[in-house]
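Notes to accompany the following structure.
Computed from the coordinates by the stated procedures, all read-outs in this text should not be read as laboratory data. Because the structure is predicted, anything quoted here is derived from the model rather than measured. All Cβ positions, glycine included, derive from the backbone under ideal geometry; neighbour counts span all protein chains shown.
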Amino acid sequence: MGIVKSNLAISLDGFSSAPGQSRDEPFGVGGGRLTEWMFETDLPGREGDAMIRGTWSDGVGAFVMGRHMFGGYAGEWDLSWRGWWGEDPPYHAPVYVLTHHERAPLPMEGGTTFHFVTDGIEAALKQAQAAAGEQAVSIAGGATTVRQYLAAGLVDELLVHVVPVVLGEGERLWDGLGGLAAEPTEVIASPTVTHVRYRINPSG
């Protein structure tokens, strides 16, 4: 069985999205600044960013994500909604979506199938690990989902992309995680983001 890992872009004050998340504003109003670096990796001085972006899914055999990361809205499913990514999502592996509302599996192009799990984070992880085999499982986000897995002691490695902006409010990663111990194992800096990889020791 492979490790369980996650990577998430956050602001200096620890938010992974701003208020006002919607289908038009998936990171909230102003939260798109957290991902701008991902589209600038060909600029001078961004070699580290390009390496991080190009390898963060290496060795990943399945993903887990929260309902809002897939849908951007709550309540019953609008079955016409097939995610943010078009018909060929970037995952190319099974993706397990945490939700309170049942939905049939959604096969997409490129090997991605979204499975909708209604019985909690441990059940979703168990299904993802079975699908991944010896490969890793990635907890894809958002912050609430990653925080739940961290609090439950189910994450082995966390890669945080710290963007030098202050959002002030939104969905915060670190709330409720007092006592969590994280050992930095890699730091890569660029003009617009600092990548810090942590080995997680939930018991402190």
Using amide H atoms built in the peptide plane, which far-off residues or other-chain residues are under 5 Å from Ala93 H to H?
Thr112, Thr113
Please report His161, His100, His92, His115 as a ranked list, fewest other C-beta atoms within 10 angstrom at the top and most at the bottom.
His100, His92, His115, His161
Between Leu159 and residues 5 or more places away or on another chain, the pairs with built amide H atoms under 5 Å apart involve Ser6, Asn7, Leu8, Tyr198
Just add up the charged neighbours of Val4: K/R +1, D/E -1, any other residue whose Cβ is under 9 Å from the Cβ of Val4.
-1
When Lys and Arg each count +1 and Asp and Glu each count -1, what net charge do the other residues less than 12 Å away from Arg172, Cβ to Cβ, add up to?
-3
Kindly provide the pair-distance distribution of the stretch 97-144 built from C-alpha pairs, with 10 Å bins from 0 and whole-percent values in order of increasing distance.
23, 57, 20
Scaled radius of gyration (Cα, divided by 2.2 N^0.38 Å) that the stretch 84-204 gives
1.17
Could you grab the relative contact order for the stretch 61-111? Cα pairs under 8 Å, six or more apart, rounded to a whole percent.
48 percent
Please compute one quarter of the surface area of the Cα convex hull for the stretch 1-72 and express it in square nanometres.
6.2 nm²
Which residue, Gly86, Gly30, Gly20, has the most motion in a Gaussian network model of the chain that connects Cα atoms within less than 10 Å?
Gly86
Considering only DSSP states other than H, G, I, E and B, which chymotrypsin sites (Phe, Trp or Tyr not before Pro) in the stretch 70-172 qualify as loop sites with at most 14 other Cβ atoms within 10 Å?
Tyr73, Trp81, Trp84, Trp85
Taking alpha-carbon centroids only, the stretch 164-198 lies from the stretch 42-107 a number of Å equal to 21 Å
Expected vector for the stretch 99-111, Karplus 3J(HN,Hα) from phi with 6.51, -1.76, 1.60 and θ = phi - 60°, integer Hz, x for Gly and Pro, equals 7, 9, 10, 5, 7, 5, x, 10, x, 10, 6, x, x
Treating only Lys and Arg (+1) and Asp and Glu (-1) as charged, each at its beta carbon, one finds that the stretch 106-204 has a dipole about its Cα centre, in Debye to the nearest 20, of 100 debye
Based solely on its DSSP helices, what 222 nm [θ] is calculated for the chain when runs of n ≥ 4 H residues each add -39,500 (n - 2.57) and the sum is averaged over all residues, nearest 500 deg cm²/dmol?
-5000 deg cm²/dmol
Please build a GNM for the chain, connecting alpha carbons under 10 Å apart, and tell me which residue among Ser17, Ser190, Ser80 fluctuates the most.
Ser80
When only Cα pairs under 8 Å and 6 or more residues apart are kept, what is the percent relative contact order across the stretch 24-183?
22 percent
Sum of side-chain charges, Pro19 neighbourhood, beta-carbon under 11 Å (Lys, Arg +1; Asp, Glu -1):
-3
